[in-house]
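For reference, the structure is listed below as structure tokens.
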Amino acid sequence: MWTLERFAPMHGEVTEWRRDLHANPELLYDVHRTAAFVAEKLRGFGCDETITSIGKTGVVAIIKGRASSSGRTIGLRADMDALPMQEQTGLTYASKIPGRMHACGHDGHTAMLLGAAKYLAATRNFNGTAVVVFQPAEEGGAGAKAMCDDGLMGRFLIQEIYAMHTEPGLPIGQFATATGPLGASADGFHITIEGKGTHGADPHKGVDPIVVGANVVLALQSIVARNLNPMRSGVVTVGALNAGTSANVIPKTAEMVGTTRTFEPEVRDLLQLRVTEIAEHVARAYGAVATVKYRRMYPPTINHRRETDFAVQVAGSIVGAQNVEPNHDPWMGAEDFAFMLEERPGNIMFIGNGASANLHHPAFDFADAALPYGIAYFAQLVEVGMPIT
């Protein structure tokens, strides 16, 4: 088993980094302070090259091993952005910025990868090249796609890539992942229903878009129940239906927004088709018109078999095989690391956060006790993946 003791001296320092990032959260691509913090650390570690502004505000650093004859390059990725939420933890290092907080553990992800970068730059006990990738805009901004579109994989010759995500409820010191789909696609729809406004006392003189919208919501629920094979998975959720401002006025328009989720490209196509058809035809049946804007956002997060087997092996070398779940249930949440996995083989691993509040909850906090495990995992991916022989 790979000992964690070598990381004990840096635990306090990495905890300070993590808490500084937690106290200063930034959103989407506007992560200028965080990116500058990361770049300064990487340059201070003595990385061979540190490059900024990849995918707008992403940061990449290259660390070459003591030997480079293998020609192999492994990428390690962490996300940097926070969420537009008000923190309710009461921590001494709570967010200093109203309406923003690190409620998804990206402060921990960034700190762990920085710790691994410091270790790898100091020891260089591997044969090849490590590329550490710090990504903006995971929370709805498709920052992974922006970095890929900016040439991340080809420019830095990345051959395989790995990431981690904190997992509340999974004990600290444990890991979990799965081959194949681990996260779902995340697409969005916006439906505008045009009816005919009228006085609330004269409904027969108008076309009520609220009634139409309510029936569209109900009909959309039939997609998974009646159009999808029961052995396959999908979600259709309407998150908001907005119309009208007065009790005695039937408005002209109603709007609704929602999300669809699945693990399979074919089901993704089906959900888009049926959402559009149902909205348009239900509206027409009531004498209204529905306009559907459907946006494809994140693809499913699909781990590759060879790289997942390797990731499980590495995690087991740190905490023991009994503390690694290799067949974790897929999650209907989305992760834009999916874009990177479409370009290169790789894996995303869950790391235990213990008994904490759930992700995207105002009381969530990343567990500092998990930091050494994550640092060791990132570092070991490189040392085991590119050993000096």
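Using mean Cβ contacts within 10 Å as the protection proxy, how do 241-249, 150-158, 115-123, 301-309 order, highest first?
With the highest mean Cβ count within 10 Å placed first, the list reads 115-123, 301-309, 150-158, 241-249.
Is it possible to state the helix-based mean residue ellipticity at 222 nm for the chain, with each DSSP H run of 4+ residues giving -39500 (n - 2.57), the sum divided by total residues, to the nearest 500 deg cm²/dmol? What is it?
-10500 deg cm²/dmol
Give me the number: length gained by fully extending LYS96 to ASP20, i.e. 0.36 nm times residue separation minus the C-alpha to C-alpha distance, one decimal in nm. Intermediate results must be reported in sequence, preceding the final value.
Numbers: separation 76, 0.36 × 76 = 27.36 nm, distance 1.01 nm.
Gain on extension, LYS96 to ASP20, equals 26.3 nm.
Between helix 32-45 and the chain, what is the angle of the helix's C-alpha long axis to the longest principal axis, kept within 0 to 90° and rounded to the nearest 10?
On a 0 to 90 degree scale, this one is about 20.
For a test of the definition: using alpha carbon positions, the gyration tensor, and the 1.5 limit on a/c, classify the range 1-146 as rounded, prolate or oblate.
Values: a/c = 2.39, a/b = 1.49, b/c = 1.60.
Oblate shape, in that a/c is at least 1.5 and b/c is the bigger or equal ratio.
Could you work out how far apart the two model spin labels at HIS32 and MET231 are, taking each label as a point 7 Å from the Cα in the direction of the beta carbon, and quote it in nm?
5.5 nm
Once the convex hull of the C-alpha atoms of the chain is built, how many Å³ does it hold per residue, rounded to a whole number?
In the chain, the Cα hull volume divided by residue count equals 143 Å³.
What is the helix-to-structure angle for 371-385, meaning the angle in degrees between its Cα long axis and the longest Cα principal axis of the chain, kept from 0 to 90 and rounded to the nearest 10?
Taking the Cα atoms of the chain, the angle to 371-385 is about 70 degrees.
Applying 1/(1 + (r/R0)^6) with R0 = 35 Å to the Cβ-Cβ distance of GLU342 and THR245, what FRET efficiency is obtained, to the nearest 0.05?
According to the calculation, E is roughly 0.20.
Quick query: amide H of MET297 versus all other amide H atoms, modeled in the peptide plane; which residues come in under 5 Å with a sequence gap of 5 or more or a different chain?
It is ALA186, ASP187, GLY188, by chain and number.
Checking the table LYS41/LYS96; LYS145/LYS196; LYS64/LYS96 against a 30 Å threshold on Cα-Cα, which pairs fail? Write out the running numbers ahead of the final one.
Numbers: LYS41/LYS96 22 Å; LYS145/LYS196 42 Å; LYS64/LYS96 37 Å.
Over 30 Å Cα-Cα: LYS145/LYS196; LYS64/LYS96.
With only alpha-carbon atoms counted, please give the Rg and Dmax of the range 149-245, in Å.
Every Cα atom of the range 149-245 included, Rg and Dmax give 22.8, 68 Å.
How big is the C-alpha Rg of the range 186-298 next to the rule-of-thumb value 2.2 N^0.38 Å, as a ratio? Provide the component values of the computation, followed by the final result.
On the way: Rg = 15.0 Å, N = 113, 2.2 N^0.38 = 13.3 Å.
Normalised Rg, Cα atoms only: 1.13.
At 7 Å along Cα-to-Cβ for each site, give me the label-to-label distance between LEU273 and ARG296 in nm.
1.4 nm
I'd like the FRET efficiency for ASP202 and VAL257, computed as 1/(1 + (r/R0)^6) with the beta carbon distance as r and R0 of 30 Å, rounded to 0.05.
Plugging the Cβ-Cβ distance into 1/(1 + (r/R0)^6) gives 0.50.
Compute the acute angle (0 to 90°) between the alpha-carbon long axis of helix 305-319 and the principal axis of greatest extent of the alpha-carbon atoms of the chain; round to the nearest 10°.
Helix 305-319 sits roughly 60 degrees off the main axis of the chain.
Quick one: if the Förster radius is 45 Å, what FRET efficiency do LEU359 and ALA67 give, using the C-beta to C-beta distance and rounding to 0.05?
0.70
We did not get these values from a lab; they are worked out from the coordinates using the rules stated. Just so it is clear, the structure is predicted and the values come from calculations on it, not from any experiment. All Cβ positions, glycine included, derive from the backbone under ideal geometry; neighbour counts span all protein chains shown.
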